[in-house]
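Step one of this worksheet: look at the structure below.
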Amino acid sequence: MAFKNVKEKPGEELSQTDMYLKTLSLHIIKDIYKTESDKAARAKLSYQDYLHRLIEAEVLSRIDRSINRRIQIAGFPVIKRLEEFDFSYQPQLDEKMIRELFTLEFLNQKKNVLLLGPPGVGKTHLAISLGIKAAQMRKRIMFYSAEQLTKMLASSEVSGNLVKLLEILSRLDLIIIDELGYLELTQKTARLFFQLIAKRYEKGSVIITSNKSFEEWGQIFQDEVVASAILDRLLHHSYPFFIQGKSFRMKNFNKN
Ligand code: ADP
Ligand code: MG
């Protein structure tokens, strides 16, 4: 066995082990196996338990890394979590319903979440928190502002990559589209937006935040027909929330 050979040269045993671990990319085990073996000896752990500890540490760190990678790829502007959301500030918001969303059952059912309301009421906060939770559950997600997304769709059409892009976007578990309605779309980008929504319809979830009520969507898309075709598909299987409360950005201001 290789370890016997290594043992013949005093002082090289550990570095040879380190090298094997490095070759196998078992970096966490490489970092901890010596201290863990001391601990195991003191605790009189069995060889199996010691090995189990090492492998478990490696696996846990990989899960962490893959979640972090998912969060990075998703492109969140900031990190927000449900734990930081103060429901007492938005008393008319259905807390139970929101908490239920965080079971992510809506993703399995390919349902959509629509968060509508004026600025500062926590639409983006909730959308990001759901995205982070989805990343933790190993879902494939992307976060775009509506402007980013429509620009990306338009430039992919120009470069002849629209079909490919729509294909990639339709394979995601969740797309978050933030701030729909801050900018009006052109008729051309509205059609592209419709294509995306149609492609994901009943195949994958979308979360949309908007400061515009559904009645005003015709204005966002500059076309009532396109707007109602989009709304039709989005609303068919969806959880709409209308957050009517005060802006959290004004919280301290309101207190004074
Ligand atoms: P919106 O997208 O509705 O304009 P945001 O989600 O961007 O609002 O919220 C504005 C800021 O206030 C963010 O920093 C957000 O984290 C915070 N915020 C909003 N509502 C709450 C809340 N109920 N509890 C805690 N923080 C909140
Ligand atoms: Mg927002």
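Bear in mind that the values in this text are calculations on the coordinates, not laboratory data. Treat the numbers as computed from the prediction; the structure is a model and nothing was measured. Using ideal geometry, Cβ is built from the backbone for each residue, glycine included, and neighbour counts are taken over all protein chains shown.
A few points about this structure:
- Distance between the modelled labels on Ile32 and Met97, one decimal in nanometres: 4.3 nm (7 Å Cα→Cβ projection).
- Gaussian network model of the chain, Cα within-10 Å springs - most flexible of Gln187, Gln48, Gln148: Gln48
- If the chain linking Glu216 and Arg65 were pulled fully straight, counting 0.36 nm for each residue of separation and taking away their Cα-Cα distance, it would gain 50.2 nm.
- Among Lys188, Lys139, Lys34: highest mean-square fluctuation, GNM of the chain, C-alpha pairs under 10 Å: Lys34
- Cβ charges +1 (Lys, Arg) and -1 (Asp, Glu), total dipole of segment 12-74, debye: 280
- Gyration tensor (alpha-carbon) shape descriptor, the chain, a/c threshold 1.5: prolate
- In this simple spin-label approximation, Gln48 and Asp232 carry label points 7 Å from Cα along the Cα→Cβ vector, and these lie 6.2 nm apart.
- Under 16 Å from Lys151, Cα to Cα: lysines that are on another chain or at least 8 residues apart: Lys164, Lys188
- Candidates His52, His237, His125, ranked by Gaussian network fluctuation over the chain, Cα under 10 Å, top entry: His52
- Note on segment 86-255: with charges restricted to the Cβ of Lys and Arg (+1) and Asp and Glu (-1), its dipole about the Cα centre is near 580 debye.
- Among 242-251, 105-114, the order from most to least packed when residues are scored by Cβ within 10 Å on average: 105-114, 242-251
- Taking Cα atoms only, the orientation of helix 13-23 departs from the longest principal axis of the chain by about 30 degrees.
- Here the contact order of the chain, divided by its residue count and restricted to Cα pairs under 8 Å and six or more residues apart, works out to 23 percent.
- Relative to the longest principal axis of the Cα atoms of the chain, helix 224-236 runs at roughly 50 degrees.
- By the rule of a C-alpha distance below 18 Å, with chain neighbours fewer than 8 residues away ignored, the aspartates and glutamates paired with Lys139 are Asp64, Glu100, Glu105, Glu167, Asp173, Glu202.
- Prolate/oblate/rounded call for segment 12-74, Cα gyration tensor, a/c under 1.5 rounded: oblate
- Dipole of segment 43-197, positive direction: furthest Cα of Val78, Leu162, Ala135, with charges on the beta-carbon: Leu162
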